[in-house]
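Enquirer: Sharing a structure, written as structure tokens. Questions coming.
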Amino acid sequence: MAAAYDPADPDFEYLAVDRKKLLAEQTQSFDGKKACWVPDEKHAFLPAEIQSSKGDDITVKITTNNDIRTVNKESIMQMNPPKFEKIEDMANLTYLNEAAVLYNLKARYQAGLIYTYSGLFCVAINPYRRLPIYTLSVIGKYRGKRKLEMPPHLFSIADNAYQNMLQDRENQSVLITGESGAGKTENTKKVIMYFAHVAVGQHKDKEEDEEKKDKKKGTLEDQIVQANPVLEAYGNAKTTRNNNSSRFGKFIRIHFGTQGKISGADIEQYLLEKSRVTFQQPAERNYHIFYQLLSNAVPQIVEKMLVNPDPSSYSFINQGCITVDGIDDNQEMKDTDVAFDVLGFSEDEKSSLYKCTGSIIHFGEMKFKQRPREEQAEADGTAEAEKVAFLLGINSGDLVKSLLKPKIKVGSEYVTQGRTKDQVVYSVAALSKSIYDRMFKWMVFRVNKTLDTKAKRQFFIGVLDIAGFEIFDFNSFEQLCINYTNERLQQFFNHHMFVLEQEEYKKEQIEWTFIDFGMDLQACVDLIEKVGSYEIT
């Protein structure tokens, strides 16, 4: 199929290959019987030429440095002819082995091309810089185009989902997965931005009068896009591998009317990492919102929270990094505050949210001491408790009493229980995490309320942005759950995309060697799933 774009168009500088350069690369000499890939510890795979063979041993010459090596014939992988250089869809490769896939992705990435197709999938590699490939001009060029007419792009995947929804009259889903730092959240935002621009709702004209009354509140399309800054402020943090890692999973449903116009949206969130609220590893950071609030970008917020604008002063947020390269907390706070306005949050709702967040900062500064010769703790000063109580709108005396001597129900009666210093400290941490978790869930509920219009809904496109897989020196329970969830999702995905597809091959009597996908970690998954069923004796 002929391309429906002009390769010289500057919009495609980082999307399409230079045809002249590509032609020169595709016409290089090639000997298919000798050219191969061999494994390498440093580079994964290196190009080589077969020199001789003796039994299972093959002698090869590395193309890049003329080094002579002897490798086992089972480890050698076949090389594709030059005509497949920087191919846009790897499903068309003659040899679809690990080395060929890695080389093609690397070659395209070095040419500035971050998107590559592999059949139904679009593989994205994080460029770690801003590329001009998400502009309104680019959106317009991908709108309504067939997949093969345009260079690989996330917009093409989004547009195909949208067109399929309109043509087949069925709901669609876009799954965005990968390890932490791969760019899942950024790509999720671009998908949502695409739908917001190509499916502008009919309600927009009707809302113009309302906008004049409340200039801060945006249109539904603006609100869907602006849901991201508030979710990222309260749900993202710096980890060892990613400066802006989503510490929660989210499934965003964008609803459309019968004519394909946006009619609303809603967000489901999964498994917020609560342990981060009170503990961070040295190279990590707490949730962005804490540092945004203390950046003094909005001075009246600092005054209301009764804090000084110095994150290093507070134990719950100073255990790791205070600042992050590439993140301006001052500007991010302004963006978050504006996003709340666009989403229709009232000043009282914003103020309450900020106060609750500030109370958690003060919770970490509450001090307690152990009474000598007693199994009972007592408060070591009440200044921080009074600040917490003021921000939460409760009585400080009752707060301290409930922490030191909580009432527990025994049978039908309530009994006062004494607590040691360690127990009280644990209670404060648990209370802080619980408040943050409920605050986050309320915020998502409130965002959903804004995005819930009365317009008629016919279909939806779901975008799943699941939390990233990471392995740390010290893994929290939440991280274990995240990794487990990702593995289960991957197996579910593999089963439906590969196993069922191969069963179709058998039905059609196509000669095919059945490949078992996604079972590498099945034993570990079984262990986690079944451990709760064993009785501890």
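Since every read-out is calculated from the coordinates, none of them should be taken as a lab result. Only a predicted model underlies this, so the values are computations on that prediction, with no experimental measurement involved. Cβ placement follows ideal geometry from the backbone for every residue including glycine, while neighbour counts extend to all protein chains displayed.
Enquirer: Arranged from highest to lowest average of other beta-carbon atoms within 10 Å per residue, in what order do the peptides 282-292, 75-85 appear?
Expert: Top of the packing list down: 282-292, 75-85.
Enquirer: Continuing with the same structure: Projected onto the charge dipole of the chain (+1 at Lys/Arg Cβ, -1 at Asp/Glu Cβ, origin at the Cα centre), which of Phe84, Cys524, Ile192 gives the Cα projection farthest towards the positive end?
Expert: Positive-most Cα among the choices belongs to Ile192.
Enquirer: What angle do you read, to the nearest 10 degrees and between 0 and 90, between the alpha-carbon axis of helix 154-168 and the longest principal axis of the chain?
Expert: 90 degrees
Enquirer: Given a cut-off of under 8 Å on Cα pairs at least six residues apart, what relative contact order in percent is computed for the chain?
Expert: With pairs under 8 Å counted, the relative contact order is 13 percent.
Enquirer: Also: Can you grab the distance from the C-alpha centre of segment 405-459 to the C-alpha centre of segment 158-177, Å, no decimals?
Expert: Taking the Cα centre of segment 158-177 as reference, the centre of segment 405-459 is 37 Å away.
Enquirer: On to the next question. Given charges of +1 on the Cβ of Lys and Arg and -1 on the Cβ of Asp and Glu, with all other atoms neutral, how large is the dipole of segment 259-383 about its Cα centre, in debye to the nearest 20? It would help to have the intermediate numbers written out before the result.
Expert: On the way: 12 positive and 21 negative charges, 70 e Å.
Around 340 debye, computed over segment 259-383.
Enquirer: Now for a separate question. For helix 220-235, report the angle its Cα long axis makes with the longest principal axis of the Cα atoms of the chain; keep it between 0 and 90° and round to the nearest 10°.
Expert: 70 degrees
Enquirer: Can you give me the three principal axis dimensions of the chain from its C-alpha atoms, in Å, biggest first?
Expert: Each principal axis gives a Cα extent; for the chain these are 83, 66, 46 Å.
Enquirer: Could I ask something else about it? With each label point set 7 Å from Cα along the Cα-Cβ vector, what nm distance links Leu102 and Ser476?
Expert: Simple spin-label model gives 3.3 nm for this pair.
Enquirer: Still on this model: Please compute the contact order of segment 31-106 in relative form: average sequence separation of alpha-carbon pairs under 8 Å and at least six residues apart, divided by the residue count, as a percent.
Expert: With pairs under 8 Å counted, the relative contact order is 24 percent.
Enquirer: Further, regarding this structure: So between Asp40 and Trp442, what do we pick up on full extension, going 0.36 nm a residue minus the alpha carbon distance? Let's see the in-between values first.
Expert: Working: separation 402, 0.36 × 402 = 144.72 nm, distance 5.11 nm.
Going from the current span to full extension adds 139.6 nm.
Enquirer: For the pair Ala383 and Thr416, how long in nm is the line joining their label points, each one 7 Å along Cα→Cβ?
Expert: 2.8 nm
Enquirer: For each pair in Lys184/Lys441; Lys42/Lys147; Lys61/Lys106, compute the distance between the two Cα atoms and list the pairs where it is over 25 Å.
Expert: Exceeds cut-off: Lys42/Lys147.
Enquirer: Of Cys321, Cys524, how do they rank once you tally other Cβ atoms within 10 Å and put the fewest first?
Expert: If I rank by nearby Cβ atoms, fewest first, I get Cys524, Cys321.
Enquirer: Next up: List the GluC sites (Glu not before Pro) within segment 1-60 that fall in a DSSP loop (any state other than H, G, I, E or B) and whose Cβ has at most 14 other Cβ atoms within 10 Å.
Expert: Glu41
Enquirer: A further question follows. How much length would be gained if the chain were fully extended between Leu489 and Val338, taking 0.36 nm per residue of separation minus their Cα-Cα distance, in nm to one decimal?
Expert: 50.9 nm
Enquirer: Could you line up Tyr505, Tyr14 from fewest to most neighbouring Cβ atoms inside 10 Å?
Expert: Tyr505, Tyr14
Enquirer: Hey, rough spin-label estimate for Leu93 and Thr135, points 7 angstrom out along Cα→Cβ, what's it come to in nanometres?
Expert: Distance between label points: 3.3 nm.
Enquirer: When only alpha-carbon atoms count, how far does segment 31-106 stretch along each of its three principal axes, as whole angstroms with the largest first?
Expert: 37, 24, 19 Å, listed from the longest principal axis down.
Enquirer: Next question, about the same structure. Would you please give the FRET efficiency between Phe390 and Asn296, computed as 1/(1 + (r/R0)^6) with r the Cβ-Cβ distance and R0 = 30 Å, to the nearest 0.05?
Expert: 0.90
Enquirer: If I take every Cα pair under 8 Å that is 6 or more residues apart in segment 361-437, average their sequence separation and divide by the length, what percent do I get for the relative contact order?
Expert: 31 percent
Enquirer: Taking the Cα centre of each part, how many Å lie between segment 80-150 and segment 223-286?
Expert: Centre-to-centre (Cα) distance: 27 Å.
Enquirer: Lys/Arg Cβ at +1, Asp/Glu Cβ at -1, dipole of the chain taken about the Cα centre: which of Ser312, Ser402, Asn160 is farthest positive-ward?
Expert: Ser402
Enquirer: Here is a follow-up. Quick check on my link table: of Lys190/Lys274; Lys238/Lys433; Lys261/Lys454; Lys145/Lys261; Lys33/Lys54, which ones sit more than 21 Å apart, alpha carbon to alpha carbon?
Expert: Lys190/Lys274, as the Cα separations exceed 21 Å there.
Enquirer: Taking the Cα atoms of segment 214-356, what is the range of coordinates along each of the three principal axes, in descending order and whole Å?
Expert: For segment 214-356, the Cα extents along the three principal axes come out at 54, 33, 25 Å.
Enquirer: Could you please rank Ser315, Ser29, placing first whichever residue has the fewest other Cβ atoms within 10 Å of its Cβ?
Expert: Neighbour counts put them in this order, fewest first: Ser29, Ser315.
Enquirer: Run the dipole for the chain about the Cα centre, Lys and Arg Cβ at +1, Asp and Glu Cβ at -1, nothing else charged, and hand back the magnitude in debye, nearest 20.
Expert: 700 debye
Enquirer: Rg and Dmax of segment 361-437, using alpha carbons, in Å: what are they?
Expert: Computed over the Cα atoms of segment 361-437, radius of gyration and Dmax are 12.7, 37 Å.
Enquirer: With the dipole of the chain worked out from charges on the C-beta (+1 for Lys and Arg, -1 for Asp and Glu) around the Cα centre, which of Leu46, Val302, Pro229 lies farthest toward the positive end?
Expert: Selected residue: Val302.
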